[in-house]
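Taking it in order: structure first as structure tokens, then the write-up.
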Amino acid sequence: MYTTIVFLPLLGAILAGFFGRFLGVKASEVITSGFVLLGALLSWIAFFQIGVGGETAHVTVLPWIKSGGLSVDWALRIDTLTAVMMVVVNTVSGLVHVYSIGYMHHDPHRTRFFSYLSLFTFAMLMLVTSDNFLQMFFGWEGVGLASYLLIGFWYQKPSANAAAIKAFVVNRVGDFGFALGIFGVYAVFGSIDYDTVFAAAAEKAGQEFSFLGMQLDIVTTLCVLLFMGAMGKSAQFLLHTWLPDAMEGPTPVSALIHAATMVTAGVFLVARCAPMFELSVDARFFVVLVGATTAFFAATVGLVQNDIKRVVAYSTCSQLGYMFVAAGVGAYGAAIFHLFTHAFFKALLFLGSGSVIHAMSDEQDMRHMGGLFPHLKKTWVLMLVGTLALTGFPLTAGYFSKDAIIESAYAAHSNIGMYAFVLTVIAAALTSFYSWRLMFMTFHGKPRASDEVMSHVHESPWVMLAPLVVLALGALGAGFLFSGYFIGEHNHAFWAEAIRLAKDNTILEDIHHVPSWVKAAPFVMMVGGLAVASLFYLAKPDLPVRLATRMPRLYKFLLNKWYFDELFDWMFVRPAFRIGRTLWKTGDGAVIDGLGPDGVAARVLAFTGRAVRMQSGFVYHYAFAMLIGVAFLITYVLFNGI
């Protein structure tokens, strides 16, 4: 069953990609969607067998690499953590496949699109079922490749091409650290197999080794290097710039890659490597610092974005920060729980945004929307559910998981924990504000689109709405149904050996004993954000403009995303172009070509040009040349005494 779950999407990708023109568009859509939906059904069965039933499995697919002392098998590691990720990946991917049948209906390259979707799904499944670091890296780079193809799917648009390249390059920065971490793991432990490395990690705690000419703690260094990969893939602070630009891809791509699957790979990595992170206080400090900063930073930028998909994208970035905060303080169960619930309501919001864009003739600017509620009542209800879950409304999925993260930050009773607690609470208020801002600007108030556009506004077909209904059910019930297993009284039996914690790690018990005001803080912030958004965009819609005019520097600072794109362009992009141009013009053009092939060819042409001019066709010219030759010959003989 597990092999079937993993390889069905690959089979669908091959059939649609190589034989799509023979099968036809409809057959390609049905095959790829059907295979992934079947995988989703089997994943849920596996989830209950493993997570609830306590089963585990280890499936060896084939021997993979044998080189010297390195022996790597391609194997599937099936435990609770894997089962949760398989459910998330296959469920969201299956619904996105179905949704895309309607959303991409008019696109002439649908077979290629569905092939890419299934290829991405396979790569992600390889990542989460990996039994060693090399196999994880294979899946890691596979989803990077698939995301590049999907973000740049509309390759006729220069902005889509630029976004795809940016995502690929920025992820390579993080992946370089990830690769160094894997090299370091093999150098230290002599193996890249999870069980071998995790079993030996405790012996290396407190030991040092030489790295870049410095004596550094072994476990801390390896954890930080591995986390660099997570920072890139999960769009954390400083390596986040690719995520908003990736919205240039089709909306189903945003929902699949940037809401529920690829961007959560970093969280999965940290949770899988919990036995190593538990041994390093400094590494976990770094994880919390980056996560909390990202949660706050992305929330502030989301306040002023006008592109409906970019608002949801920065929300994703912020929520990933929450997950890393939980993982950093040792609440890995809470981190994966929020990953699980977040997949439902964030995919719901992305696909709901796609429904709005579809209805508005591909318009994405919320300033050109408004007054859509009478025309899109079904979409409004479904996006309302997603908004409630994202903001942490009581009893929704986000309420159980996000509040648990905030409480775990407080329960850590450390300086970095308090830093994370303060920033995540503030981020909760900001999240509420920009989420309701999106709803009010999109569906309420006076229509700001032209009469021609409004005349064509229509509700999406059921092939697009049905996946939203399923996701809405998950956004409402996933927290209530599964909180007891992920973070409640059954968490020890549920996680078993999938997440190995230190003996003194009691964070999931401690969150149930935090003060009442800590438990109430996220709800208060949620209500506060809703109240301010109602004031700004319902009661006094002219207030945001007046406020932006009064504080132009702050507004531009947030609108320009803290100027990180401009800063990186100045620090890295422009110098790289200057270096490249210098090497091209001076190194390659002037030196290599100038002194090499082009130089030799030019000298030959110059010499032959002069020689040609000597062939004038006049006899007296040739006689004169012969006389000069005779004179040189006689002079040579006289001076050499021959």
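Taking the stated definitions as given, is A326 under 30 Å from S414 (Cβ atoms) and assigned to a helix (DSSP H, G or I)?
yes
Given (1) in contact with a strand residue (DSSP E or B) (Cβ under 8 Å, 6 or more places away or on another chain); (2) open to solvent by 10 Å² or more (accessible area, probe 1.4 Å), identify the lone condition not met by Y103.
(1)
Can you tell me which of (1) open to solvent by less than 10 Å² (accessible area, probe 1.4 Å); (2) within 20 Å of G291 (Cα to Cα); (3) among the polar types (S, T, N, Q) is the one S414 doesn't meet?
Among (1) open to solvent by less than 10 Å² (accessible area, probe 1.4 Å); (2) within 20 Å of G291 (Cα to Cα); (3) among the polar types (S, T, N, Q), S414 violates only (1).
Do we find a residue being in contact with a strand residue (DSSP E or B) (Cβ under 6 Å, 6 or more places away or on another chain) and open to solvent by less than 20 Å² (accessible area, probe 1.4 Å) anywhere in segment 170-193?
There is at least one residue in segment 170-193 that is in contact with a strand residue (DSSP E or B) (Cβ under 6 Å, 6 or more places away or on another chain) and open to solvent by less than 20 Å² (accessible area, probe 1.4 Å).
On the basis of being charged (D, E, K, R), more than 30 Å from V356 (Cα to Cα) and modelled with pLDDT under 90, does E248 make the cut?
No.
Looking at segment 417-436 only, could you name the residues that are farther than 13 Å from G321 by Cα, open to solvent by less than 10 Å² (accessible area, probe 1.4 Å) and of a type outside the set (G, A, S)?
Y434
Can T129 be described as closer than 21 Å to I5 by Cβ and of a type in the set (S, T, Y)?
Answer is yes for this residue.
Return the total of residues in segment 422-453 being touching a residue at least 24 places away in the same chain (Cβ under 8 Å) and part of a helix (DSSP H, G or I).
Within segment 422-453, residues that are touching a residue at least 24 places away in the same chain (Cβ under 8 Å) and part of a helix (DSSP H, G or I) number 22.
Using beta carbons and a limit of 6 Å, which pairs, at least six apart or on different chains, have the first residue in segment 356-381 and within 19 Å of Y103 (Cα to Cα) and the second one open to solvent by less than 60 Å² (accessible area, probe 1.4 Å) and in a loop (DSSP other than H, G, I, E, B)?
Listed by first residue and then by second, the contacts come to I357/Q364; H358/S460; A359/L376; A359/V457; D365/N306; H375/V457; L376/E459; K378/E459.
Of the residues F296, F268, F198, F285, which single one is among the aromatic types (F, W, Y), modelled with pLDDT of 90 or more and buried (at least 24 other Cβ atoms within 10 Å of the Cβ)?
F268
Do we have P252 as under 23 Å from D79 (Cα atoms), in contact (Cβ under 8 Å) with a residue 60 or more places away in the chain and either open to solvent by less than 10 Å² (accessible area, probe 1.4 Å) or not small (G, A, S) (or both) here?
In short, no.
Which of the following residues is at positive phi and open to solvent by less than 10 Å² (accessible area, probe 1.4 Å): G370, G354?
The conditions single out G370.
Looking at L117, L134, L150, L125, can you tell me which residue is open to solvent by 20 Å² or more (accessible area, probe 1.4 Å) and either of a type in the set (F, W, Y) or on the phi < 0 side of the Ramachandran plot (or both)?
Testing whether each residue is open to solvent by 20 Å² or more (accessible area, probe 1.4 Å) and either of a type in the set (F, W, Y) or on the phi < 0 side of the Ramachandran plot (or both) leaves just L134.
Given the residues T111, T60, which is the only one that is open to solvent by 20 Å² or more (accessible area, probe 1.4 Å), modelled with pLDDT under 95, more than 18 Å from T264 (Cα to Cα) and outside any strand (DSSP E or B)?
After ruling out the rest, the residue left standing is T111.
Could you run through segment 4-40 and say how many residues are in contact (Cβ under 8 Å) with a residue 12 or more places away in the chain and charged (D, E, K, R)?
Final tally of qualifying residues: 2.
The values are calculated or read from the model by the stated rules, or taken from the named source; none is laboratory data. All values derive from a computational prediction rather than experimental measurement. Methodologically, a virtual Cβ is constructed for each residue, glycine included, from the backbone with ideal geometry; neighbour enumeration extends over all protein chains shown. Ligands, DNA and RNA are stripped out before the accessible areas are found, and what is left, the full protein with its side chains, is counted by its heavy atoms. Shrake-Rupley method; radii C 1.70, N 1.55, O 1.52, S 1.80 Å.
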